[in-house]
Amino acid sequence: MLELPFEPPVQQLEHPLFAAKQVSVHMKREDLVHPFISGNKWRKLKYVLADARAQDKNLLVSFGGAYSNHLVALACAGAMCGFKTVAFVRGEAVSNHMLGLCKTWGMQLHFVSRELYRDKDALFNRHFSDHPEAYYIDEGGRGELAMQGCAEILNSVQGFTHVSCACGTGTTLAGLSMAAQAKGMQADGIAVLKHEALDEDVRKLVPALHNWRVHHGYERGGYAKTDAALMSFIRDFAGNTGILLDQVYTAKMMMAVLALLEQDHYAPGSRLLLVHTGGLLGLLSQV
Ligand SMILES: *Cc1c(COP(=O)(O)O)cnc(C)c1O
């Protein structure tokens, strides 16, 4: 149903540090999959939507903040595949370009207080217990089915020693770890929020795997927090490569990988694959 329009390309990156540390670095451009179902969100939704269809559910209900890449992707994918969509949005009613897009695709938005938002099951049950066609999708699309889809990011990839991605819920890292295990690779996740339980969340998804690690300390003040150095890094990177990074996820991942290289985390001869997980709509509120 949500079949990939094309396999995103792998692109080599140049940087003086890569040569100095004798590593090669490539980026898997998942951001190019689709302008709105961008990056890992396509991968995460693929089997979730297939499952909803298989269960004859035609109303997708999910959750997110006011700048949620997941909600934009879900609104668009839902419209493409013939589902109705509803979202519970955390916090007081606001409007922005991302929620505006959600509404354009017909997503119904319910703003709820932070307190109510905390109990998502209760929200779903209160509003949709008598809607047999409603299908619950957790925040960020997290979970087992999403992980299966993310494992496919490495389907056509050969010859790397490490794969890295930004971590929100850790679902993408878990999927990459599964696929990396089969290829003898290590998977590095960069936490973009201060969340001690992130490691535990990944472990729950892939209890038997040990080829992954979450790197903490690169969240630069916390989730969606920005600073002048981060924004200037985004401009330099864009100017040098043509590739846009977003301030919430991928720029923090890229800066962390450079820091890890500085610390000799990667042995000479390592071949790194960085996953560009998308998220570029969020950048539009900052530039
Ligand atoms: C949603 C998102 C992530 C986080 O993925 P998880 O599977 O929740 O860890 C990373 N990068 C971007 C750009 C995202 O939109």
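Numbers at a glance
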quantity: Residues whose placed amide H lies under 5 Å from that of residue 163, excluding near-sequence neighbours; calculated: 186, 187, 188, 273
quantity: Net dipole in debye of the chain [+1 Lys, Arg Cβ; -1 Asp, Glu Cβ; about Cα centre; nearest 20]; calculated: 160 debye
quantity: Positive-pole candidate from 216, 229, 276, dipole of region 189-287, charges at beta carbon; calculated: 276
quantity: Under Karplus coefficients 6.51, -1.76 and 1.60, residue-wise ³J(HN,Hα) of region 126-138 in Hz, glycine/proline x; calculated: 4, 8, 10, 5, 9, 10, x, 8, 7, 10, 7, 10, 5
quantity: Beta bridge orientation in region 54-157: antiparallel %, DSSP, nearest 5; calculated: 0 percent
quantity: Distance histogram in 10 Å bins (all Cα pairs of the chain, percent per bin); calculated: 6, 29, 37, 21, 6, 1, 0
quantity: Euclidean distance of C-alpha centroids, region 262-287 and region 190-241, integer Å; calculated: 9 Å
quantity: Acute angle (nearest 10 degrees) that the helix 69-81 long axis makes with the longest principal axis of the chain, alpha-carbon atoms; calculated: 60 degrees
quantity: Computed [θ] at 222 nm, deg cm²/dmol, the chain (DSSP H ≥ 4; -39,500 (n - 2.57); rounded to nearest 500); calculated: -11000 deg cm²/dmol
quantity: Residue 34 long-range amide H proximity, modeled H, under 5 Å; calculated: 39
quantity: Qualifying trypsin sites (Lys or Arg not before Pro) in region 160-205, DSSP loop, other Cβ atoms within 10 Å at most 14; calculated: 183, 194
quantity: Entries of 103/225; 41/225; 120/204; 21/252; 225/252; 21/194 with Cα pairs more than 18 Å apart; calculated: 103/225; 41/225; 120/204; 21/252; 21/194
quantity: Dipole axis of the chain (+1 Lys, Arg; -1 Asp, Glu on Cβ), positive-most option in 100, 177, 24; calculated: 100
quantity: Helix axis angle, 250-262 relative to the chain longest principal axis, alpha carbon, degrees; calculated: 30 degrees
quantity: Footprinting exposure proxy for 276, 34 (fewest neighbouring C-beta atoms within 10 Å first); calculated: 34, 276
quantity: Cα-based helix-to-principal-axis angle, 171-182 vs the chain, degrees rounded to 10; calculated: 50 degrees
quantity: Most fluctuating residue given options 209, 60, 49, as computed from a GNM of the chain linking Cα atoms under 10 Å; calculated: 209
quantity: Once exposed loop GluC sites (Glu not before Pro) are cut out (DSSP; at most 11 other Cβ, 10 Å), longest piece of the chain; calculated: 93-195
quantity: Region 192-249, dipole about Cα centre (Lys/Arg Cβ +1, Asp/Glu Cβ -1), debye to the nearest 20; calculated: 40 debye
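Laboratory data are not the source of any read-out in this text; all were calculated from the coordinates shown. Model, not experiment: these values are computed from the prediction. Counting neighbours? That spans all protein chains shown, and the Cβs are built from the backbone with ideal geometry, glycine included.
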